[in-house]
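First the structure, in the form of structure tokens, and then the observations on it.
The values are calculated or read from the model by the stated rules, or taken from the named source; none is laboratory data. Treat the numbers as computed from the prediction; the structure is a model and nothing was measured. Cβ coordinates were reconstructed from backbone atoms using ideal geometry, including for glycine residues, and neighbour counts include every protein chain displayed. In case anyone asks, the SASA skips ligands and DNA or RNA and just uses the protein heavy atoms, side chains included. Shrake-Rupley method; radii C 1.70, N 1.55, O 1.52, S 1.80 Å.
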Amino acid sequence: MLTALLEGQKIFATDPLWAGKKEKLRELCNGRAVCPVCREPIICKFGQVKIHHFAHSRGVDCPGNRETFEHLLGKDLLYRFLKEHLGEKAEVEVEYL
């Protein structure tokens, strides 16, 4: 999933605000951030190969846990395209919850 809740606020894993600050986000989130769907704890997955995202620990059965890399990438690309082209004309969210 691309979003998580941290102290009641929605955060976005691929937000440019976090560029170059993966460890800071990981430190803030791990152990404190939760899944916006099931409210279970999540972990940060910020690597060099796949898109930055949040994930449940193994064994959690949540709809937010079933996205492929391609699905995450597509959601991120579509979100950025709509934000760029609609700007203030529409409220765009990466994941509706």
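Applying the criterion of at least 1 residues that are of a type in the set (S, T, N, Q) and touching a residue at least 12 places away in the same chain (Cβ under 8 Å) to the strands (runs of 3 or more DSSP E) found wholly in the chain leaves 3-6. For region 56-82, the candidate set comprises residues that are among the basic types (Lys, Arg) and open to solvent by 90 Å² or more (accessible area, probe 1.4 Å); within that set, the residue that is nearest to Cys29 (Cα to Cα) is Arg58. Checked against the criterion of being open to solvent by 70 Å² or more (accessible area, probe 1.4 Å), modelled with pLDDT of 85 or more and touching a helix residue (DSSP H, G or I) at 6+ places or on another chain (Cβ under 6 Å), region 22-40 contains one or more residues that satisfy it.
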